[in-house]
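To start, the structure under review is shown below, and the notes come after it.
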Amino acid sequence: MDGTNGSTTFTDSGPNALAVTAVGDAKISTTLSQFGGASAYFDGTGDYLTVASHASIAFGLGDFTIECWVNFSALPTTNTIMGIANTMTSTTSAGFTDWWFGLEDSAGTKRLRLGRHGNASVF
């Protein structure tokens, strides 16, 4: 998430250079960072990044690893950190197997959760 403070342009530095779209007021911040001097900033109100479907990110076709650094200013009650979602229509709802993982703070109990949409599974 390198870039200029306040920028809404997120550049994929991977080999496929996928287009990244910022939603809400997601932006780059230089206030805190783990690497490179900048990071993505989400204020917690409808902000996220999205990438269109692409063969290079078709999870489930082999081994894969997902990793990230997250710094919450306050622990949310429920927060999705990362997930895969399809545009669901009435003709594609069967077999909807998208997944997510996130952080939950329920009555002081903190959990890292992994879930699967479509069958209400939460692990």
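Local charge sum around Gly24 (other residues, Cβ-Cβ under 14 Å, Lys/Arg +1, Asp/Glu -1)?
On the way: positive: Lys27; negative: Asp25, Asp43, Asp47.
Combined, the nearby Lys, Arg, Asp and Glu give -2.
Give the carbon-plus-sulfur fraction of the accessible surface of segment 1-54 in %, rounded to a whole number; probe 1.4 Å, heavy atoms of protein chains only. Don't skip to the end; give the middle numbers.
Details: 1850 of 3640 Å².
Heavy-atom surface of segment 1-54 belonging to carbon and sulfur, 1.4 Å probe: 51 percent.
Using a probe of 1.4 Å, the accessible surface attributed to Tyr48 totals some 120 Å² when neighbouring protein chains are kept in position. Rounded, prolate or oblate for segment 26-76? Axes are the square roots of the Cα gyration tensor eigenvalues, ordered a ≥ b ≥ c, and the cut-off for rounded is a/c under 1.5. The shape class here is prolate.
As a test of the definition: which semi-axes, in Å, follow for segment 1-56 when you take the square root of five times each eigenvalue of its alpha carbon gyration tensor? Largest first, please. Could the numbers behind the result be given before it?
Numbers: eigenvalues 74, 44, 13 Å².
Here the semi-axes work out to 19, 15, 8 Å.
Using 0.36 nm per residue and subtracting the Cα-Cα separation, the extra length available between Arg111 and Ser53 on full extension is 18.0 nm.
The values are calculated or read from the model by the stated rules, or taken from the named source; none is laboratory data. These numbers come from a predicted model, not from an experiment. Every residue, glycine among them, receives a Cβ derived from its backbone with ideal geometry; neighbour counts consider all protein chains shown. These area figures cover heavy atoms from the full protein model, side chains too; ligands, DNA and RNA do not enter into them. Shrake-Rupley method; radii C 1.70, N 1.55, O 1.52, S 1.80 Å.
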